[in-house]
Structure formats: structure tokens, C-alpha cells
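Here's the structure, in C-alpha cells; my notes come after.
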Amino acid sequence: MVIVAGSLRVDPRGRADYLAGCEEVIGAARRAPGCRDFGISADTTDPGRVNIFERWDSQSAVDAFRGDGVGDEQAQAILSAAVAEYDVADIRILAGDPD
């Protein structure tokens, strides 16, 4: 399993528009083969922060979906980014059934 997690910095005045522009990619990711979860969301305490969280079956599933990366309009809105991929070797269930 691969986890992609981190955050982006955007202008707080444009964060709602940035997130609205992400709705299509979120839907496409969630329908993509190998995607278990995909979220891009507003941070509740920092108005310029956007949180990223993705879970994928494999690196090849991530790579197949990722393609060329974000579009030009999205890229221009991102002031900085700190996002990483993590290869997961084991899982400990804390609550509920894993999907």
C-alpha cells in the first residue's frame, strides 16, 4: 500500500476556489483502479493550508493516475507544497474494518 500525505499552501483568499477546482480530480481519483481513498481538504485552523491524503493499492496505481501532475491553473495557486509518498509494510487496525 502507498500513502500520499502532506499539505499545500495557497492564498487564504483563494482557498475555497482552489478546493472547488479540485472536485473533478478527487472524483476521478476515487474512481481510479487501485485508489482506496483520496482527499484534498481545507485545514480547520490554518486558512492558507490545504491537506492532502491518499491511499493506493500500489505504486503503479499511483503512477498510472498521477500522469502529468496538476494542471497549470492549480499549479499557479500553490505557493508551496510538502507532500510525500510512504510505502506501507504493515497495518494496525484501530477501529472498523479496513477497506
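The values are calculated or read from the model by the stated rules, or taken from the named source; none is laboratory data. Everything numeric here is computed off the predicted structure, so don't read it as measured data. Don't worry about glycine lacking a Cβ; one is built from the backbone with ideal geometry, like all the others, and counts go over all protein chains shown. Calculation scope for accessible area: heavy atoms of the full protein, side chains included, ligands and nucleic acids excluded. Shrake-Rupley method; radii C 1.70, N 1.55, O 1.52, S 1.80 Å.
Pull up the stretch 1-55, narrow it to residues that are basic (Lys, Arg), open to solvent by 60 Å² or more (accessible area, probe 1.4 Å) and not in a helix (DSSP H, G or I), then point me to the one that is nearest to Ile78 (Cα to Cα).
In this case the residue turns out to be Arg9.
Can you find a residue in the stretch 61-70 that is under 16 Å from Met1 (Cβ atoms) and assigned to a loop (DSSP other than H, G, I, E, B)?
Within the stretch 61-70, not a single residue is under 16 Å from Met1 (Cβ atoms) and assigned to a loop (DSSP other than H, G, I, E, B).
Among the residues of the stretch 1-22, how many are under 29 Å from Ile91 (Cα atoms) and either free of Cβ contacts under 8 Å to residues at least 40 places away in the same chain or of a type in the set (A, V, I, L, M) (or both)?
6
Here are some conditions: (1) at pLDDT 95 or above; (2) surrounded by 13 or more Cβ atoms within 10 Å (Cβ to Cβ). Gln74 meets all but one. Which one does it not meet?
Here Gln74 meets the rest and fails (1).
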